[in-house]
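*Asks:* Below you'll find the structure I mean.
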Amino acid sequence: MNDALTTAHQAEVIFVNHSGGKDSQAMLAYIMRQGFKGRVVIVHSDLGEMEWEPMHGFITANGYGCEVHVVKPAQDFFELCRRFNRLPSGMARFCTSELKTAPIARFIKAYMKAHGFTRAINAIGIRAEESPSRAKKNPFTLSAKLSTKRDGVQVWEWFPIFNYTLGDVWFEIKKAGQQPHEIYSKGFSRLSCVFCVFGRVEEHRMAKEMRPELFAKLAKLERDLGKTIRLKQVNGVKLPKYLDETFC
Ligand code: SF4
């Protein structure tokens, strides 16, 4: 057994970060196969109007009867962009840290304190295949943010499906006898935010048709800030490429 699995077996609680997406779903199925049922607590951060739908029901239906907790970020996507005066990017991925990581960390700290737990796993469905920067991450580390020497609290951050390929993810879900969220059958590669800043042009085009009001709000945000998700090259100079000039 590897270090992560050994530590997980000794943990009092295993927090499973769950967006409702395929990677979270496959990760939970994998964790269940390891025999951790009874110690799993699922945590979902609600992205508000950026979600396709409230995900609590879908996660609970595929949650093996585990506790499912929904947390809320302090500010939504639009408020965050106005605060940071920009749209998120690969170099400034404040959306993930503010919309998911921070509220889930707050929940974990409060939950452990309330239950008197000192050893926990924080499981996240990150995969190396997703990007070169993710491939460089360590899939099993002691969380400096969630662990405290003074109270003897140890929380390990674990990416259980770090080495999974996309095919492995679909197979894990199928093996669990579950269906992924229907948004994948419409041609989207990820769930989470309807207009993920890393989404493909074609995905944003489809999302505009399905959620025109949200598109209009995002297009206005870009115009108000003078900052955009995408850039264009004009005479060798990079300039903002607004959503409403791409799609309208
Ligand atoms: S889904 Fe995309 S836009 Fe939404 S928080 Fe994640 S990276 Fe940011």
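The values are calculated or read from the model by the stated rules, or taken from the named source; none is laboratory data. None of the values given here were measured: they were computed from a predicted structure. We work out accessible area using only protein heavy atoms, side chains counted, and drop any ligands, DNA or RNA first. Shrake-Rupley method; radii C 1.70, N 1.55, O 1.52, S 1.80 Å.
*Asks:* Compute the separation of the alpha-carbon centres of region 208-248 and region 111-174 and state it in Å as a whole number.
*Replies:* 34 Å
*Asks:* How large are Rg and Dmax for the chain when only the alpha carbon atoms are used, in Å?
*Replies:* When restricted to Cα atoms, the chain yields Rg and Dmax of 19.0, 61 Å.
*Asks:* Right, next: Which of Lys186/Lys208; Lys137/Lys241; Lys22/Lys136; Lys217/Lys241 have a Cα-Cα distance over 24 Å?
*Replies:* Lys137/Lys241
*Asks:* Give the angle, between 0 and 90 degrees and rounded to the nearest 10, that separates the Cα long axis of helix 201-210 from the longest principal axis of the Cα atoms of the chain.
*Replies:* 90 degrees
*Asks:* How large is the accessible surface per residue of region 1-145, computed with a 1.4 Å probe and reported in Å² as a whole number?
*Replies:* I get 47 Å² per residue for this part.
*Asks:* Compute the helix-to-body angle for 166-175: its Cα long axis versus the longest principal axis of the chain, expressed 0 to 90° and rounded to tens.
*Replies:* 50 degrees
*Asks:* Next up: Quick one: 3J(HN,Hα) in Hz for region 17-30, Karplus 6.51/-1.76/1.60 with θ = phi - 60°, rounded, Gly and Pro as x.
*Replies:* Once θ is set to phi - 60°, the couplings for region 17-30 become 5, 9, 8, x, x, 4, 5, 4, 5, 5, 4, 4, 4, 4 Hz.
*Asks:* What number, rounded to the nearest 500 deg cm²/dmol, is the helix-based mean residue ellipticity at 222 nm of the chain, given -39500 (n - 2.57) per DSSP H run of at least four residues and division by all its residues?
*Replies:* Using -39500 (n - 2.57) per qualifying helix, the result is -10500 deg cm²/dmol.
*Asks:* How much of the DSSP bridge set in the chain is antiparallel, in percent, rounded to the nearest 5?
*Replies:* About 35 percent, rounded to the nearest 5.
*Asks:* Most fluctuating residue of Tyr184, Tyr30, Tyr164 in a GNM of the chain with Cα springs under 10 Å: which is it?
*Replies:* Tyr184
*Asks:* Rounded to a whole number of µm²/s, how large is the Stokes-Einstein D of region 141-248 at 20 °C and 1.002 mPa s, given Rh as the Kirkwood radius over C-alpha pairs?
*Replies:* Diffusion coefficient, whole number: 122 µm²/s.
*Asks:* A further question on this structure: Applying the Karplus parametrisation 6.51 cos²θ - 1.76 cosθ + 1.60 with θ = phi - 60° to the phi angles of region 52-66, what ³J(HN,Hα) value in whole Hz is obtained for each residue in order, glycine and proline being reported as x?
*Replies:* 5, 6, x, 8, 4, x, 5, 5, 5, 4, 10, x, 6, x, 6
*Asks:* Now for a different question. Can you pull the percent of the chain's accessible area that's carbon plus sulfur, 1.4 Å probe, other chains left in place?
*Replies:* Reported share for carbon and sulfur atoms: 53 percent.
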